[in-house]
Amino acid sequence: MDLSTLSYQKFVRFALEQTKLRTTLTPLPSQEKFKSIKAKDEKSALKAISFCAPKIRLLRSLTIEDSQSMLVFDFAAFSKPEYDMPIFCANAFTTPSRSIVVLDLNPLYDVTTQHNYKEKYYKKLMPLSEKYSELLPWGGKITSESMKFFSPIVIWTTVASSQPVHDVLFSAFVDYYKAWLELIDEAIEEKDKYLISLNCEAQHRYLTWRAEKDPGYPILKKLFGETLAKDLVRQFLFDGVDSLGSKTFLDYFPEYRLENGAVNKRRSMVGKSYETRPWNPQGEFIGGNLNEDL
């Protein structure tokens, strides 16, 4: 497919317009730092924006568009730690032949064990999953390590690139982001410092995982060099990984520690794989034990 007919800028514009209808967005310093960087190939156009708001710690978007070979879309929104809100996450990698997509409201807490959290945020959103499960079918095998950061409404798919598919992706993005905005509108600020600290650590754990395991890092490294790629990951995409907490990746995920103390770079270490959707329409996890060995 000719990628020049596709773009993820429509997704970004929609999100910003909808957010501005509900709250006041303030640009963050990271936007100024990264918005004008140039790719080495002089073909790929990068656009980076980042904001905060009264209830939002970070709302950011990174798009990379090369009409000949690929489109990259990485959009996320994080509430402030005073709220235990799920993290809005939209990731897409589109080539002329395939689109790989993850769209979710990533839970701060394990929804397979913390049922109150699942009930609070996902029970009324399950129809979203049903709406798109056939149009955007489960994308195949994924390990339990990644599953821990997914919710019962996650869209994980790999589909042939086309304008109709792109339109469905936009529709799903619209529905999911509106759902997230409604949740944050309703969110009540937590006053208990201990619970706030738990939210902060949960968000930091997520950021630490994503910063270490980001599948887009090789592309960033190729386009911008190792130093700038690392800065994009830690200071923009997952801003907060160096400020919300002091624990390291190995503190959170010790199973990745090698004998010499370094991090094992393998994508997957433990747990079973899921080739089909491991939640039923009611949001109940039917995939067995997440920590069960292969």
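Only one of LEU195, LEU135 is at pLDDT below 95 and open to solvent by 60 Å² or more (accessible area, probe 1.4 Å); which? Talk me through it step by step, then tell me what you get.
Numbers: LEU195 fails: at pLDDT below 95.
That would be LEU135, the only listed residue that is at pLDDT below 95 and open to solvent by 60 Å² or more (accessible area, probe 1.4 Å).
Is there any pair with a first residue in the range 7-30 that is within 25 Å of SER67 (Cα to Cα) and a second that is among the β-branched types (Val, Ile, Thr) whose Cβ atoms are under 6 Å apart and which are 6 or more apart or on different chains, and what are they?
Taking only residues 6 or more apart or on different chains, the pairs are TYR8/THR63.
Out of curiosity, is SER273 among the small types (Gly, Ala, Ser), surrounded by fewer than 19 Cβ atoms within 10 Å (Cβ to Cβ) and closer than 23 Å to PHE88 by Cα? Walk me through it before giving the result.
Working: among the small types (Gly, Ala, Ser): yes; surrounded by fewer than 19 Cβ atoms within 10 Å (Cβ to Cβ): yes; closer than 23 Å to PHE88 by Cα: no.
Spelling it out, it is not the case that SER273 is among the small types (Gly, Ala, Ser), surrounded by fewer than 19 Cβ atoms within 10 Å (Cβ to Cβ) and closer than 23 Å to PHE88 by Cα.
Inspect the range 31-39 for any residue being out of contact with any His (no Cβ under 7 Å at 6 or more places or on another chain), touching a residue at least 60 places away in the same chain (Cβ under 8 Å), within 30 Å of PRO137 (Cα to Cα) and aromatic (Phe, Trp, Tyr) and give the result as yes or no. Explain how you work it out, then say what you get.
Of all residues in the range 31-39, those out of contact with any His (no Cβ under 7 Å at 6 or more places or on another chain) come to 31-39.
Those left that are additionally touching a residue at least 60 places away in the same chain (Cβ under 8 Å): 33-34, 37, 39.
Cutting the leftovers down to within 30 Å of PRO137 (Cα to Cα) gives us none.
Scanning the range 31-39 turns up no residue that is out of contact with any His (no Cβ under 7 Å at 6 or more places or on another chain), touching a residue at least 60 places away in the same chain (Cβ under 8 Å), within 30 Å of PRO137 (Cα to Cα) and aromatic (Phe, Trp, Tyr).
Return a yes/no flag: does the range 157-180 have any residue that is touching a residue at least 40 places away in the same chain (Cβ under 8 Å), buried (at least 19 other Cβ atoms within 10 Å of the Cβ) and at positive phi.
no
Out of (1) open to solvent by 10 Å² or more (accessible area, probe 1.4 Å); (2) under 21 Å from ALA172 (Cβ atoms), what's the single condition that is false for PRO54?
So PRO54 meets the others, but not (2).
Hey, could you check the range 27-44 for residues that are surrounded by 13 or more Cβ atoms within 10 Å (Cβ to Cβ) and at pLDDT 90 or above and say which is farthest from PHE14 (Cα to Cα)?
In the first step, residues of the range 27-44 are kept if they are surrounded by 13 or more Cβ atoms within 10 Å (Cβ to Cβ); the result is 28, 30-31, 33-35, 37, 39, 44.
Among the residues that remain, those that are also at pLDDT 90 or above are: 28, 30-31, 33-34, 39, 44.
Details: LEU28: 19, SER30: 21, GLN31: 18, LYS33: 23, PHE34: 21, ALA39: 26, SER44: 23 Å.
Across the range 27-44, the extreme among qualifying residues is ALA39.
Kindly indicate whether ILE142 is under 29 Å from ASP110 (Cβ atoms) and modelled with pLDDT under 95.
Details: under 29 Å from ASP110 (Cβ atoms): yes; modelled with pLDDT under 95: yes.
Yes, satisfied.
Which is assigned to a helix (DSSP H, G or I), open to solvent by 80 Å² or more (accessible area, probe 1.4 Å) and modelled with pLDDT of 95 or more, of ARG22, ARG13?
Numbers: ARG22 fails: assigned to a helix (DSSP H, G or I).
So the residue among ARG22, ARG13 that is assigned to a helix (DSSP H, G or I), open to solvent by 80 Å² or more (accessible area, probe 1.4 Å) and modelled with pLDDT of 95 or more is ARG13.
LYS124 versus (1) open to solvent by 30 Å² or more (accessible area, probe 1.4 Å); (2) in contact (Cβ under 8 Å) with a residue 12 or more places away in the chain: which is the lone unmet condition?
(2)
Give the residues of the range 226-259 that are modelled with pLDDT under 95 and not in a helix (DSSP H, G or I), sorted by residue number.
Passing the criteria: PHE253, ARG257, LEU258, GLU259.
Within the range 240-260, count every residue that is open to solvent by 70 Å² or more (accessible area, probe 1.4 Å) and in contact with a strand residue (DSSP E or B) (Cβ under 6 Å, 6 or more places away or on another chain).
Matching residues across the range 240-260 total 0.
Scan the range 212-227 and report the pairs whose first residue is over 14 Å from LEU62 (Cα atoms) and whose second residue is open to solvent by less than 40 Å² (accessible area, probe 1.4 Å) and aromatic (Phe, Trp, Tyr), with Cβ atoms within less than 6 Å and a gap of 6+ or a chain change.
GLU212/PHE249
Restricting the first residue to the range 242-266 and requiring it to be over 15 Å from ARG210 (Cβ atoms), which pairs with a second residue that is of a type in the set (Ser, Thr, Tyr) and open to solvent by 40 Å² or more (accessible area, probe 1.4 Å) meet a Cβ separation below 6 Å and a spacing of at least six or different chains?
Partner pairs satisfying both residue conditions: none exist.
If you check ILE219 against the conditions, is it closer than 27 Å to LYS43 by Cβ, in a helix (DSSP H, G or I) and open to solvent by less than 70 Å² (accessible area, probe 1.4 Å)?
Values: closer than 27 Å to LYS43 by Cβ: yes; in a helix (DSSP H, G or I): yes; open to solvent by less than 70 Å² (accessible area, probe 1.4 Å): yes.
Criteria met by ILE219.
Please determine, by comparing only the residues of the range 62-112 that are crowded, with 23+ Cβ neighbours inside 10 Å and without any contact (Cβ under 8 Å) to a residue 60 or more places away in the chain, which one is nearest to PHE224 (Cα to Cα).
CYS89
For the range 65-84, what are the residues that are modelled with pLDDT of 95 or more and under 18 Å from PHE173 (Cβ atoms)?
LEU71, VAL72, PHE73, ASP74, PHE75, ALA76, ALA77, PHE78
The values are calculated or read from the model by the stated rules, or taken from the named source; none is laboratory data. Because the structure is a prediction, the values reported are computed rather than measured. Note that each Cβ is placed from the backbone with ideal geometry, even for glycine, and that neighbours are counted across all protein chains shown. Remember, those area values only see protein heavy atoms, side chains included, never the ligands or the DNA or RNA. Shrake-Rupley method; radii C 1.70, N 1.55, O 1.52, S 1.80 Å.
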